[in-house]
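Below is one structure, written out as structure tokens, with a few remarks after it.
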Number of protein chains: 2
Amino acid sequence: MKVILYMAMTVNGMIAGTDDKTNWLTKEEAESYCSIVREAGCLIVGRRTYHILTKQPEFQEFNNAKLIVVSHNDVRLVDPSHAVAHSPQEAVDLLSDFREIIVAGGGILNASFLAANLVDEIFLDIEPVILGAGIPLFKGQSFERDLKFLGQKMISDSEIQLHYEIVKENSYKG
Amino acid sequence: MKVILYMAMTVNGMIAGTDDKTNWLTKEEAESYCSIVREAGCLIVGRRTYHILTKQPEFQEFNNAKLIVVSHNDVRLVDPSHAVAHSPQEAVDLLSDFREIIVAGGGILNASFLAANLVDEIFLDIEPVILGAGIPLFKGQSFERDLKFLGQKMISDSEIQLHYEIVKENSYKG
């Protein structure tokens, strides 16, 4: 089982504006995202991302991927197949039958997964935008991880996808 | 005259740790940085970056590049050829004889240059590291800019350099 963080972000590491807006995302980016979720068959998101995501058109393209929401609080689920987990580890355990698990925001959830050493690989789609202020890729926790560069590809003529493995051992330098 | 922002950063957009440390920078990265500064012959940095930079070994490799420090306060200059500017625009004006001007941190200075629409191109060297907390590429100002992807190249087997043009017109979407 492999846990993959998949996010689109601005060149300076913002995954959304302070108003949650991601209006700079392209059709190619949405297709890339839906395709990776469909292929994995499952997705883990935080509560706020869940409420935004399930209102987006691309949500219909997920082909009933199993969706887990990580939240300490109750969550109003839009589909009975979705489930709530109370921690990153619990979310991963709920999906232990899947070969790949996609983790996809927001910043607080991403940081929780990294801090708990639960992520194996990261795909980052770099959007040709700078947002001076916004929601960062990782929010609210202090940690350091070494990565191994696995590759890159263009997903459109302006968007590059970077692919890394998280180095699990000797990852602390301090 | 072209103003180029050149920075190395973690995959999540941090240019240093909260302790100013950049111990994840490689020899290849230092060489790439020195080479671009030597080629331009000039460099603009903020006060804090100036004090850190002039103590680094790579500072000796700049071959007397003209160095401008942007600061509202007095700065103790380590070389009589260096100069202080009180704003990004004043720094650029001091270097108007140069074909290319390199701007290189820190986060507050970078944001001031972007917010003032003074940057033409950006080179970002993406280091295979995540820092949950640190000093972001752009700090302290809220702005949005569209970029045009110009290209990428590997500067080592783990570091990719992304190259963008700042789209100057119609850059506001709000």
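Among the residues of the range B:53-69, none qualifies, meaning not one is under 22 Å from A:Met14 (Cα atoms), crowded, with 17+ Cβ neighbours inside 10 Å and touching a helix residue (DSSP H, G or I) at 6+ places or on another chain (Cβ under 7 Å).
Of the candidates A:Asp97, A:Asp93, A:Asp79, the single residue that is within 17 Å of A:Asn64 (Cα to Cα), at pLDDT 95 or above and not aromatic (Phe, Trp, Tyr) is A:Asp97.
Name the residue, out of B:Leu118, B:Leu150, B:Leu95, B:Leu131, that is buried (at least 18 other Cβ atoms within 10 Å of the Cβ) and touching a Phe, Trp or Tyr at 6+ places or on another chain (Cβ under 9 Å). Every option except B:Leu131 fails the conditions. At least 3 residues being within 14 Å of chain A (Cβ to nearest Cβ) and free of Cβ contacts under 8 Å to residues at least 12 places away in the same chain is the threshold, and among the strands (runs of 3 or more DSSP E) wholly inside the range B:61-174 those reaching it are B:144-154. Only one of B:Ile4, B:Ile15 is within 14 Å of chain A (Cβ to nearest Cβ) and modelled with pLDDT of 95 or more. Can you tell me which? So the residue among B:Ile4, B:Ile15 that is within 14 Å of chain A (Cβ to nearest Cβ) and modelled with pLDDT of 95 or more is B:Ile15. Taken over the range A:7-33, the residue count meeting the criterion of being outside any loop (DSSP other than H, G, I, E, B), crowded, with 23+ Cβ neighbours inside 10 Å and in contact with a Ser or Thr (Cβ under 9 Å, 6 or more places away or on another chain) is 3. Return yes when B:Ile122 is aliphatic (A, V, I, L, M), under 24 Å from A:Leu150 (Cα atoms) and in contact with a Leu (Cβ under 6 Å, 6 or more places away or on another chain) and no when it is not. So B:Ile122 passes the test. As for the range B:72-80, it holds at least one residue that is over 30 Å from A:Asn110 (Cα atoms) and polar (S, T, N, Q). Of all the listed residues (B:Gly151, B:Gly107), the sole one being out of contact with any helix residue (DSSP H, G or I) (no Cβ under 6 Å at 6 or more places or on another chain) and at positive phi is B:Gly151.
With respect to A:Ile36, is the statement that it is within 14 Å of another protein chain (Cβ to nearest Cβ), part of a helix (DSSP H, G or I) and of a type in the set (Val, Ile, Thr) true? Against the criterion (within 14 Å of another protein chain (Cβ to nearest Cβ), part of a helix (DSSP H, G or I) and of a type in the set (Val, Ile, Thr)), A:Ile36 does not qualify. Every condition in (1) within 22 Å of B:Leu114 (Cβ to Cβ); (2) touching a residue at least 40 places away in the same chain (Cβ under 8 Å) holds for B:Tyr50 except the one numbered (2).
The values are calculated or read from the model by the stated rules, or taken from the named source; none is laboratory data. Keep in mind that what you see is a predicted model, and the values were worked out from it rather than measured. Positions of Cβ are generated from backbone atoms using ideal geometry, with glycine treated the same way; all protein chains shown enter the neighbour counts.
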